[in-house]
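Working notes for the structure below.
The values are calculated or read from the model by the stated rules, or taken from the named source; none is laboratory data. Keep in mind that what you see is a predicted model, and the values were worked out from it rather than measured. Cβ sites come from the backbone with ideal geometry, for glycine too, and all protein chains shown count toward neighbours. When the accessible area is computed, the model is the full protein with side chains, heavy atoms only, and any ligands, DNA or RNA have been set aside. Shrake-Rupley method; radii C 1.70, N 1.55, O 1.52, S 1.80 Å.
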Amino acid sequence: MKKSLSPAQHLVGSFPQGVRNAVINKDFQLVGYKNIFCADASIINVRGFSNITLTVVANSIALAEKLKTH
């Protein structure tokens, strides 16, 4: 077992979206709550070696568009 965590391990994937036990739905909403949304790196359920900043930005823009019509 790894004894230390990298700085990104707790930031990515802690609120998975689109998996069997998802915490965030496809509209970036916390399951079971009406007005709590999340579009940061915590909803990305895979960890890779590339920078996920652009994915976080794209998700944030998508959420902003949804909230404008909400």
Conditions (1) open to solvent by 50 Å² or more (accessible area, probe 1.4 Å); (2) in contact with a helix residue (DSSP H, G or I) (Cβ under 7 Å, 6 or more places away or on another chain) -> residue 50 fails only (2)
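State all residues of the range 26-70 that are in a loop (DSSP other than H, G, I, E, B) and more than 17 Å from residue 14 (Cβ to Cβ); if no residue qualifies, say none. First the steps, then the outcome.
First pass over the range 26-70, keeping only residues in a loop (DSSP other than H, G, I, E, B): 26-28, 31-36, 38-40, 44-52, 70.
26, 27, 34, 35, 49, 50, 51, 70 - these are the residues of the range 26-70 that are in a loop (DSSP other than H, G, I, E, B) and more than 17 Å from residue 14 (Cβ to Cβ).
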If you take the residues in the range 17-55 that are modelled with pLDDT under 80 and among the β-branched types (Val, Ile, Thr), which one is farthest from the chain's Cα centre (by Cα)? 19
